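Only one structure is covered here, and it is reproduced in the block below.
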Amino acid sequence: MQPQVAPPQSETELLQRCRSLAGLTLQQLAERYAIAIPPDLRRHKGWVGQLVELALGADAQSLAEPDFRAIGVELKTVPVDSKGMPRESTYVCTVPLEEGLEPRWEESWVCRKLSRVLWLPVEADPAIPLAARRLGSALLWSPDEDEQTLLRQDWEELGEMICMGELEQITARMGTVLQIRPKAANSAVRCRSVGADGEAIVTNPRGYYLRPAFTRALLQRHYHNG
């Protein structure tokens, strides 16, 4: 999918675009750009996000920048169940094992990625065919003080384990709102890190993910208050 829509120049313009998409099915949106819909998402996990990026004018592509570079907004499509609640963890970014972790939370890519987020719910009930699944109502979010504290604490605690050479001991059960999990197309993908004795090791890439309970709480708060 190649960008065909000019990037939005303001948050207002971005939200206007989102309102024009709300309620559309993936079939209707894909037809706008003559894009074929895959039979399922098992081998096309990022397809929905790519389609929405195209429609909204995201321009970061693979760059280490927010999806909408001019306005500093990150896009997160959220697969939701029949009650509008997240079905899975939300990927944030890769863990920089080879480059080394940033020294401070405020300088981390996780913090920058989550400083301003456009959440866009998408139906993901398995009973609904992919083509018939609808886009929901978007919201712009920045973490409040309490959320920022929880995110920072998890990032610091997990980061300390990595720096101490304890990467292999980190499991998805660790972290209150932020977790680290393997992030690769398959287990054959490898990268370098540091072991317990400071030696170089070869391991699987890792990613930071937001727990479903965290995204569920912020979605509930927004839509309940709205």
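The values are calculated or read from the model by the stated rules, or taken from the named source; none is laboratory data. Bear in mind that the values here come from a model prediction, so they are computed numbers and not experimental data. Neighbour counts run over all protein chains shown; Cβ positions are idealised from the backbone, glycine included.
If you take the residues in the range 168-201 that are at pLDDT 60 or above and surrounded by fewer than 12 Cβ atoms within 10 Å (Cβ to Cβ), which one is farthest from Cys111 (Cα to Cα)? Here the answer is Gln169.
Residues checked against (1) within 17 Å of the chain's Cα centre (by Cα); (2) within 27 Å of Arg32 (Cα to Cα); (3) free of Cβ contacts under 8 Å to residues at least 60 places away in the same chain:
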position	(1), (2), (3)
Glu74	yes, yes, yes
Val92	yes, no, no
Lys113	yes, no, yes
Ala127	no, yes, yes
Gln148	yes, no, yes
Leu151	yes, no, yes
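Does the range 50-62 hold any residues that are crowded, with 19+ Cβ neighbours inside 10 Å and either touching a Ser or Thr at 6+ places or on another chain (Cβ under 7 Å) or not in a helix (DSSP H, G or I) (or both), and which are they? Of everything in the range 50-62, those that are crowded, with 19+ Cβ neighbours inside 10 Å and either touching a Ser or Thr at 6+ places or on another chain (Cβ under 7 Å) or not in a helix (DSSP H, G or I) (or both) turn out to be Val52, Gly57, Ala58.
Here the condition is being closer than 30 Å to Ile180 by Cα, crowded, with 19+ Cβ neighbours inside 10 Å and either out of contact with any Gly (no Cβ under 7 Å at 6 or more places or on another chain) or aromatic (Phe, Trp, Tyr) (or both); of Glu102, Glu65, Glu74, Glu106, it holds for Glu74 alone.
What is the residue count in the range 129-146 for residues that are touching a residue at least 60 places away in the same chain (Cβ under 8 Å) and part of a loop (DSSP other than H, G, I, E, B)?
Of the residues in the range 129-146, the ones touching a residue at least 60 places away in the same chain (Cβ under 8 Å) are 130-141.
Within this subset, residues satisfying the condition of being part of a loop (DSSP other than H, G, I, E, B) are 133, 136-138.
Qualifying residue count, the range 129-146: 4.
Residue by residue through the range 111-128, note down the ones that are part of a strand (DSSP E or B) and within 19 Å of Ala30 (Cβ to Cβ). Of everything in the range 111-128, those that are part of a strand (DSSP E or B) and within 19 Å of Ala30 (Cβ to Cβ) turn out to be Leu120, Pro121, Val122, Glu123.
Just to be sure, is Ala60 without any contact (Cβ under 8 Å) to a residue 40 or more places away in the chain, at negative phi and not basic (Lys, Arg)? The answer is yes for Ala60. Residues in the range 8-49 that are among the small types (Gly, Ala, Ser), more than 26 Å from Pro66 (Cβ to Cβ) and either part of a helix (DSSP H, G or I) or touching a helix residue (DSSP H, G or I) at 6+ places or on another chain (Cβ under 8 Å) (or both): Ala36 alone. Only residues that are in contact with a strand residue (DSSP E or B) (Cβ under 7 Å, 6 or more places away or on another chain), more than 22 Å from Glu11 (Cβ to Cβ) and either part of a loop (DSSP other than H, G, I, E, B) or among the basic types (Lys, Arg) (or both) were counted across the range 65-110, and they come to 7.
Given the residues Leu140, Leu120, Leu135, Leu219, which is the only one that is modelled with pLDDT under 95 and within 17 Å of Leu75 (Cα to Cα)? Of the residues listed, the single one that is modelled with pLDDT under 95 and within 17 Å of Leu75 (Cα to Cα) is Leu219. A single entry from Ala36, Ala55 fulfils the requirement of being more than 22 Å from Glu13 (Cα to Cα) and of a type outside the set (Lys, Arg): Ala36.
The conditions of being modelled with pLDDT under 95, on the phi < 0 side of the Ramachandran plot, crowded, with 19+ Cβ neighbours inside 10 Å and over 19 Å from the mean Cα position of the chain (by Cα) are met by Ile162.
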